[in-house]
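Peer 1: One structure follows; several queries about it will come next.
Computed from the coordinates by the stated procedures, all read-outs in this text should not be read as laboratory data. Note that this is a predicted model, so its numbers are computed, not measured. Note that each Cβ is placed from the backbone with ideal geometry, even for glycine, and that neighbours are counted across all protein chains shown.
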Amino acid sequence: MFTMRQIAGAAVPLAAAFAALAGDGDLESRVRHGFADSNGVKIHYAALGPETAPAAGKKAPLVVMVHGFPDYWYTWRHQMEVLAADHEVVAIDQRGYNRSDRPKGVENYDIALLVGDVAAVIRHFGRERAIVVGHDWGGAVAWAMAMMRPDLVHKLVVLNLPHPRGIRRELANNPVQKKNSEYARTFQKEGAEKVLTAEGLASWVKDPKAREKYVEAFRRSDFEAMLNYYKRNYPKEPYEEDKTPLIKVKAPVLLIHGLDDWALHADALKGTWEWLDSDLTLVTVPGAGHFVQQDAADLVTRTIRSWLAR
């Protein structure tokens, strides 16, 4: 529930932010590019928004956005425009992608190191914690960060990546999810990267102009590194439920899931609240697929912004 004062206070920056969506000049010309050092691995980021919150006169809340496969920081372009009205928004290229470093070796893509990359970005911006937003593999990193480094996570927003225990449960018990994960088993095979192309990886992008940017970004990327995420971290057969001691997520969670996702079955969302120590807001989006942040960009953006303003 929002008060009239909250709505009135948000109206001006929100209107200006949505107006920017129709303004001239591409987002790429307005973001601040830079690199954070993660134990010698350079993590590229694109930042937008004020370092100081306009109304509060203090540092604006930091939002760190983490993409998945196959993607890069530009996937968050619609959300960045609006959230940047009163947040400092930082979208990263995960290691192996676009302008970030591409270390060799599957061991360099362990989930703990990916969490360390996000932690390095938060340190780079001089913050004690951040709102962490993740999609797909970025969602896996976000969940892991909330469990491994709860001190750094103020709030958690995850798109189309159910809690890891939910995925493991469905892989072990749901024939539909097991069938849908055939692509992941293929990616785990040696040499699977040899059949990938930048054009093929960008084929899911609906906007032709954006697709051109994706092809350029993927040509700068390392296909083997992309698949190392699956080889190192994705469950392998025989699939079993996760029986390790439960570490509950302490941060509030907003979970958004496009129901037309062919890779990750929505049944994995069931019981998410059992693995959390705080409140959960679950939003399902009929008609949207795996890349819900682009398929339902306006709904996702408004949902995230209103949830953060609670």
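Peer 1: For the pair residue 39/residue 242, report the inter-label distance in nm, with labels modelled 7 Å from Cα in the Cβ direction.
Peer 2: 2.0 nm
Peer 1: Taking neighbour counts of Cβ atoms within 10 Å as a proxy for exposure, in what order, fewest first, do 163, 44, 124 appear? Mind showing how you got there, number by number?
Peer 2: On the way: 163 27, 44 22, 124 16.
By the 10 Å Cβ count, ascending: 124, 44, 163.
Peer 1: Among DSSP beta bridges lying fully in the chain, give the percent that are antiparallel, nearest 5.
Peer 2: Antiparallel bridges make up about 30 percent of those DSSP assigns within the chain.
Peer 1: In whole percent, what relative contact order does the stretch 42-151 give with Cα contacts below 8 Å and a gap of six or more residues?
Peer 2: Once divided by the residue count of the stretch 42-151, the mean separation gives 34 percent.
Peer 1: Shifting gears a bit: Output the 0 to 90 degree angle, nearest 10, between the alpha-carbon long axis of helix 208-219 and the longest principal axis computed from the alpha carbons of the chain.
Peer 2: With both axes taken from Cα atoms, the answer is about 60 degrees.
Peer 1: What does the C-alpha gyration tensor say about the overall shape of the stretch 155-310? Classify as rounded when a/c is under 1.5, otherwise prolate if a/b is larger than b/c, or oblate.
Peer 2: Verdict is oblate for the stretch 155-310.
Peer 1: Kindly write out, for the stretch 140-154 in residue order, the coupling ³J(HN,Hα) from the Karplus curve 6.51 cos²θ - 1.76 cosθ + 1.60 (θ = phi - 60°), rounded to whole Hz, with x marking Gly and Pro.
Peer 2: 4, 5, 5, 4, 4, 5, 5, 8, 8, 10, x, 5, 9, 10, 7
Peer 1: Using the count of nearby Cβ atoms within 10 Å as a rough guide to exposure, how do 206, 213, 250 rank from fewest to most?
Peer 2: The order, fewest Cβ neighbours first, is 206, 250, 213.
Peer 1: Further question on the same structure: What ranking do 110-116, 176-182, 240-246, 153-159 get when scored by the average of other Cβ atoms within 10 Å per residue, highest first?
Peer 2: On the way: 110-116: 18.7, 176-182: 15.4, 240-246: 10.0, 153-159: 24.6.
The packing order, highest mean first, is 153-159, 110-116, 176-182, 240-246.
Peer 1: Counting pairs of alpha carbon atoms under 8 Å apart in space and at least six apart in sequence, what relative contact order in percent does the chain give?
Peer 2: Relative contact order here is 18 percent.
Peer 1: Would you work out which of 300, 256, 90 lies farthest towards the positive end of the dipole of the chain, given +1 charges on the beta-carbon of Lys and Arg and -1 on that of Asp and Glu, about the Cα centre?
Peer 2: Positive-most Cα among the choices belongs to 90.
Peer 1: Also: Only Cα pairs under 8 Å and at least 6 apart count here; give the relative contact order of the stretch 237-310 as a rounded whole percent.
Peer 2: Normalised by residue count, the contact order of the stretch 237-310 is 34 percent.
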